[in-house]
Structure formats: structure tokens, C-alpha cells
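Scroll down for the structure; my scribbles are underneath it.
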Amino acid sequence: MAFSTPIFVYGFLPVMLAVYYLLPRPARNGWLVVGSYLFYGLGNPSCVLVLLFCTTCTFSLALFMPRKGTRTRHLLLLFSILANLGPLVFFRYSGFLAQTTRELTEIPGAETLSWLGTVAIPLGISFYTLQALSYSIDVYRGETRPTTRLVDFAAFMAFFPQLIAGPIVRYRQLAPDLKNRRESRHQFANGMGVFIIGLAKKLLLADPCGAVADQAFGAAGPDMLSAWIGLLAYSFQIYFDFSGYSEMAIGLGMMFGFTLPVNFRSPYRATSLRDFWRRWHITLGSWARDYLYIPLGGSRVGRWRTASTLILVMILFGLWHGAAWQFLLWGLLHGLLLAGERVAPGRGLPIILRTALTFLLVSLAWVMFRAQSPAEALHYYASLAGAASPGEASWWTRELIVTWEHLALLLLAALVTWKEQPLADNPTRAKWVVLTALFWICLVFMGSGEATPFLYYYF
């Protein structure tokens, strides 16, 4: 169930809010758990068991960590990591590993493992696994006291606004709200405004840009201009789609009295790749910094060692996004670019040129992210360079892609990207007029066609 569907806006959300505010405060976390499991289970009821397993294992093992010696704490942390990574590896990576083994080796019976590629991936497993790992590690380090209330921890793990695609939240960030939050009309109204902005980004910008990108990437051989239009469209699509989801999640959290962390801060205005990753998917970047980059040495181990650590972390970034070679290569590409900035930082260029160059490099890397295989990505790069053989219907493809409507859409997306402001509180009456108009337009778009899934919905 996506946030941009009628069943959510007209059905699930009003019921969740109505029951939530009718219940006494001590029962509200329990209702959030029940509602979140219903939200999660509507897609695939069996996947609820995976979330329940990860929740109970992480909660139970963390309870004993502060009371035990160093050796036992090590073992408890190891068991917790295995309990959470085990389902993730099985559901997300076993099919990829089996296929790779089949293609690269001649191990007898390897073909019998092909069924692993058909296993349904539980929604949100990549996100709640990271949350569970951060909790276990923080308790192990003594940075967080383990909670004794299972219902609070279950609400943290399953909180439906950010369960599917983030932002990635740490328990210590949400603990004050889980224990003693005070909902208010002011916070609720601000949350509605933030939700509407995210919904508009998804329906009015991301989905139309996605339609253009699908035409370009789906063409047998787009010409150079069509390929560039398609690439720009995808760059805007993935930003507005993902940031729109994050803002909807933040807005929904505010409606229930929670403060979720900002996940995007105008990333296409970045002046370097390093700056880009400080602005894009901020919660994932901070997670990787605290639990991967710094433990591996960070920037304390010399320029070249730091560069190699960055490459390794970004490869893991890529694999986290998907079990396929193109995601690994996308992560490797970003790692090499970040390492290059570390070794030879280029700060002599004017800001406008650095911003344009950063956007160009990020967009070119998106080709590997969007493609279905490395071969398809290379073919699209050739189209961007004008070196690919045009398909039989390239003229027809160009007529579909290179239109005044699509150019106007890309210009609007660029203006919104450049001019957008951080999420603001206290919208004025004039802003509320705009927000109300946006909401009604979104409802019209929502009812006029099929819902387009969020790009990060199955990550």
C-alpha cells in the first residue's frame, strides 16, 4: 500500500488517525504496532513473520548485554547481527549468489538453486534491518540503554510511515517520542503540510518524469538528444520520488507526534560528490559513517587508506540498493569518484561549475542504477555519446520524447530542485492556500490513473 494511493489517503490513514486519537495515551503505541503490522501485512502477510522475528530477537538479546561480561556481550552482539543479516541475505541476495555461482562455476547441482531467485522480498527489510543493527550496536557500545518495553521497541521497528523506505531512524532518536510525546494541533497541521508537499513531488513531478525516462531507457536505440532528455528525466524522477516519500513519512510522523530526521537537503545543489552524499539519503549516509566508515578507520588512516575505505563502503552501498551487478558497479563508480576527490580535491573552479559538474557526474552514474544490466547501461552510455547504432524506430522514439511538454516538465523540475527550501514550520495562510490547491490537484491525479510504485518500495 503506497502513500500515494486512494486506499491509503481515503481509508487506511483516516482510520489510523481516528483510532489513535480516540485511545488513551498508554494504548497509542500498541495501536501503532497493530496498524503498522496491518499496513505491512497487506502486501504479503507471511513477511510479517520476518519482521516479528527480527524484532523479538533484537529486543531479547539487547536486554542481556549490559549485565554480561565482555565475551558474552560479544556473543550476544554476534547473534543479534546474524539474526538480522540472515533474513536479509536469504531474501535479497541468495538468488543473486545462486545465479552468479551458476554462471561462473560448474558446481554440480547449482542449477537446482534457481528457485532462490523467485523468493518474495519482504517490504522494507533493507531499512528495518539497519535500524535493528544500529540498536544492537549502540546497546553494545553503551550509547543506548536497552528498553524493557517490547511494545515501544516494536513500534520503533514497525512504524509504518518510514518502514518501507526510511528515513532510517535510530532508537535513541525516537525513544523520547515513544516514551513521552505530546501531540498538538500545531504539529499535526505542519505534518499535513509536509505530507502534501511530498505527495505533490511524487504525483506531479516524479511520475511524469518517470514516464519520460521509461520511454528513453526502454527504447531499442535512442538518439543522443533523446538519451540525454531521458537521463535528465530519471535524475529528477528518482530525486522527487525518494525525497517525496521521505517528506510524506516525516509529515505522517508529525501527525502522530513523532519527529523523524530530514533525509534530503537539496542534493542537486551540491558542489562536490562528498557534499552530495551529505545531502542525499542523509540517514543512510550517517548510518554508514558511524557503523562502517569510522570503524574501518575513517579519515584517520592516511589519504590512500581513506580512499580505499570509501570505495569499499560505497560498494556496500550499491549492494544494499540491490542484488545485481549494476548496483555494485554504481557503488564502485561513486566510490572511485569520492576517492578521487579525496586524493585530488578540485576546489579551484567557480561554485556554479562545481555544482554543474557534480550534477553531471551524479546523473551519469544514475544510468548504471536505472539499467537492468551492465550491458544495457553501456549501451545507454553509447547513446549519450552519440556512438550507438540508432534503433529502427529511433525517429518515432524521438518524436515521443523530445516534445515541448517534456522540456517544460524538465524545466519545472529543475526550478523546483534549485529553489526548494528546507521543510518549514508554521506555514502562512497564503502557503496553506497553495498547499490546499496542490492537495486537490494530487487527488485528481491519484484518481485518474494507476498508482506508480515508489522506486525504493522494494529495496
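The values are calculated or read from the model by the stated rules, or taken from the named source; none is laboratory data. Not measured: the values here are computed from a predicted model. Cβ sites come from the backbone with ideal geometry, for glycine too, and all protein chains shown count toward neighbours.
Tabulated values for the structure
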| item | result |
| --- | --- |
| Residue, modelled with the highest pLDDT, within the stretch 159-176, restricted to residues that are of a type in the set (A, V, I, L, M, F, W, C) and in contact with a Leu (Cβ under 6 Å, 6 or more places away or on another chain) | Ile168 |
| Neighbours by Cβ (under 8 Å, 6+ apart or cross-chain): first from the stretch 63-77, surrounded by 12 or more Cβ atoms within 10 Å (Cβ to Cβ); second aromatic (Phe, Trp, Tyr) | Met65/Tyr140; Thr72/Phe64; Arg73/Tyr140; Leu76/Phe64; Leu76/Tyr140; Leu77/Tyr140 |
| Residue within the stretch 264-271 that is part of a loop (DSSP other than H, G, I, E, B), farther than 29 Å from Leu349 by Cα and either of a type in the set (Ser, Thr, Tyr) or under 20 Å from the mean Cα position of the chain (by Cα) (or both) present | no |
| Lone qualifier among Leu232, Leu284 - being at pLDDT 95 or above, buried (at least 16 other Cβ atoms within 10 Å of the Cβ), in contact with a helix residue (DSSP H, G or I) (Cβ under 9 Å, 6 or more places away or on another chain) and among the aliphatic types (A, V, I, L, M) | Leu232 |
| Among the candidates Gly191, Gly166, Gly198, residue that is of a type outside the set (Phe, Trp, Tyr), under 18 Å from the mean Cα position of the chain (by Cα) and assigned to a helix (DSSP H, G or I) | Gly198 |
| Hits in the stretch 213-239 (condition: touching a Cys at 6+ places or on another chain (Cβ under 7 Å) and farther than 15 Å from Leu384 by Cβ) | Phe236, Gln237 |
| Test: residue in the stretch 23-33 that is in contact with a Pro (Cβ under 7 Å, 6 or more places away or on another chain) and surrounded by 15 or more Cβ atoms within 10 Å (Cβ to Cβ) | no |
| Qualifying residue in the stretch 389-406 (condition: modelled with pLDDT under 85, closer than 25 Å to Trp277 by Cα and either part of a helix (DSSP H, G or I) or out of contact with any Leu (no Cβ under 7 Å at 6 or more places or on another chain) (or both)) | no |
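Residues are listed down the side, and each one gets a yes or a no for (1) of a type outside the set (Asp, Glu); (2) in the same structural domain as Leu97 (by TED's automatic domain parsing); (3) in contact (Cβ under 8 Å) with a residue 24 or more places away in the chain; (4) surrounded by 18 or more Cβ atoms within 10 Å (Cβ to Cβ):
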residue: Arg303; (1), (2), (3), (4): yes, no, yes, no
residue: Ile315; (1), (2), (3), (4): yes, no, no, yes
residue: Ala323; (1), (2), (3), (4): yes, no, yes, yes
residue: Trp330; (1), (2), (3), (4): yes, no, yes, yes
residue: His334; (1), (2), (3), (4): yes, no, yes, yes
residue: Ala339; (1), (2), (3), (4): yes, no, yes, yes
residue: Leu357; (1), (2), (3), (4): yes, no, no, no
residue: Arg370; (1), (2), (3), (4): yes, no, yes, yes
